[in-house]
Amino acid sequence: MSSPLFTPFQAGALRLANRVVMAPLTRNRAPGGLPNDLMVEYYRQRASAGLIITEGTAITPQGQGYADVPGLYSTEQLDGWRKVTRAVHEAGGRIVTQLWHVGRVSHVDLQPHHALPLAPSAIRAHTKTVLIRDGVPTFVETSPPRALDLEEIPGIVRDYAHAARFAIDAGFDGVEIHGANGYLVDQFLKTGSNQRHDDYGGPIPNRARFALEVVRAVADAVGADRTGIRLSPVTPANDVQDAHPQPLFEYLVRHLAPLGLAYIHVIEGATGGARVLEDRPFDYDALRTAWRSHGGTGAWMVNNGYDRALAEQALAQGADLVAFGRPFIANPDLVERLRRGGPFNTPERATFYGGGAHGYTDYPALADAG
Ligand code: 8OZ
């Protein structure tokens, strides 16, 4: 049966073969922050996705919050990513990288000179990160952060633009700004993590300022039609919350709308968890309407707990693209499996974060399933 999921879509400058997107997935297999051959193989295997969004990739050493995640600030890292993008393109795929600054979700052991992690305000996140101690991945509480000085903020905005330029040099088709899940952009947006008294805190336009500056800087650097942003209005991930998320996010998308972005990527509900949160209601249709009615022309991408039926329903109701996370961990040929209605391999949680090929590049595709 034909389904709109498997039809092409043009998202800004990105010509996608289908509407199935591989969501960004942290896998902690880049020791030294360097993309390696195992990662080349992992992404190559998943190139039949309409679009691959890489795992979160640190834009600077300060932007790193977990052991063994990749970066995109040195030429060595750029060269590593070039192998990834070449492999995906040779296999007919499209790939953007996710530009990540964790802000307060980090640990002094991951920071240059063991400095305190940076944040809008000196408010600690009650959440854990992963360090490698004696070769063993270990969960630890994040360190208390230091509030950014006003004068430091333009430099961080420039760091995003710099990493975006590196991304294009490395052969990526575009970039996604990680504006979700309680990392730096989200920390500026939300009242629970932003108690600044300057132009970047307080009323909604001030809290949205950092996000909009980052998006504009990145769009200026690589083209708005190669830029997307991921948002998570109500996720409790990494201890973020906002007192009034509906007006906050509608303000944000209204101001993103005229920029001509390739896409807006929205995590509905709790990242990797419940799609509807009793204590954090949110109207996603109203968010999409706010964007469209203010001139948003790019793709509307939805994410969180989708299967084929739910994805088709979302497309029928106005979404353009659907991002799948965990299903892509276990099913390199997820598009073909969705097309056939299964079967699906089951993802193995123990190998999500860190390790080697097992649980990473050894999930079988249908053709070699036997
Ligand atoms: C899982 C583990 C570590 C990081 C996110 C980048 O939540 C992440 C992440 C997910 O966006």
What is the dipole size for the chain, taken about its Cα centre, with +1 at each Lys and Arg Cβ and -1 at each Asp and Glu Cβ, in debye to the nearest 20? 460 debye
If amide hydrogens are placed 1.01 Å from N in the peptide plane, which non-local residues have theirs closer than 5 Å to the one on GLY174? THR97
DSSP-defined antiparallel bridges as percent of all bridges, the chain, nearest 5: 20 percent
Using Cα-Cα distances under 8 Å and only pairs 6 or more residues apart, what relative contact order does the chain have, in percent? 17 percent
Gain in span if fully extended, ASP169 to ARG340, counting 0.36 nm per residue against the direct Cα distance: 57.9 nm
Most fluctuating residue of SER74, SER293, SER48 in a GNM of the chain with Cα springs under 10 Å: which is it? SER293
C-alpha center-to-center spacing [the stretch 168-235, the stretch 68-141] in angstrom: 17 Å
Within the chain, helix-based [θ] at 222 nm, where runs of 4 or more DSSP H residues each add -39,500 (n - 2.57), nearest 500: -8500 deg cm²/dmol
Using the Cα centre of the stretch 206-350 as the reference point, and only Cβ charges (+1 on K/R, -1 on D/E), how large is the resulting charge dipole? Debye, rounded to the nearest 20. 220 debye
Going through the stretch 196-288, which GluC sites (Glu not before Pro) have at most 11 other Cβ atoms within 10 Å and a DSSP loop state? GLU278
Could you work out how much longer the chain between GLU151 and ARG82 gets when fully extended? Use 0.36 nm per residue separation minus the Cα distance between them, nm to one decimal. 21.5 nm
Based on the mean of other Cβ atoms within 10 Å per residue, sort peptides 103-112, 312-321 so the most packed one is first. 103-112, 312-321
Rounded to whole Hz and in sequence order, give me ³J(HN,Hα) for the stretch 249-266 from the Karplus expression 6.51 cos²θ - 1.76 cosθ + 1.60, θ = phi - 60°, writing x for Gly and Pro. 6, 5, 4, 4, 5, 4, 7, 7, 3, x, 6, x, 5, 5, 6, 10, 10, 10
At the level of C-alpha centres, the distance separating the stretch 15-63 and the stretch 273-322, in angstrom, is 23 Å
Accessible area expressed per residue, the chain, with surrounding protein chains retained (probe 1.4 Å, Å²): 38 Å²
Sparse-neighbourhood loop sites, trypsin sites (Lys or Arg not before Pro) in the stretch 313-370 - DSSP loop, at most 13 other Cβ within 10 angstrom: none
Calculate what fraction, in whole %, of the accessible area of the chain sits on carbon and sulfur atoms when a 1.4 Å probe is rolled over the protein chains. 52 percent
Given a 1.4 Å probe and heavy atoms of the protein chains only, how would you sort HIS294, HIS178, HIS113, largest accessible area at the top? HIS113, HIS294, HIS178
For the chain, the Cα convex hull volume per residue in Å³ comes to 124 Å³
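The values are calculated or read from the model by the stated rules, or taken from the named source; none is laboratory data. Just so it is clear, the structure is predicted and the values come from calculations on it, not from any experiment. Positions of Cβ are backbone-derived with ideal geometry, glycine not excepted, and every protein chain shown enters the neighbour counts. Heavy atoms of the whole protein, side chains included, go into the accessibility calculation; ligands, DNA and RNA do not. Shrake-Rupley method; radii C 1.70, N 1.55, O 1.52, S 1.80 Å.
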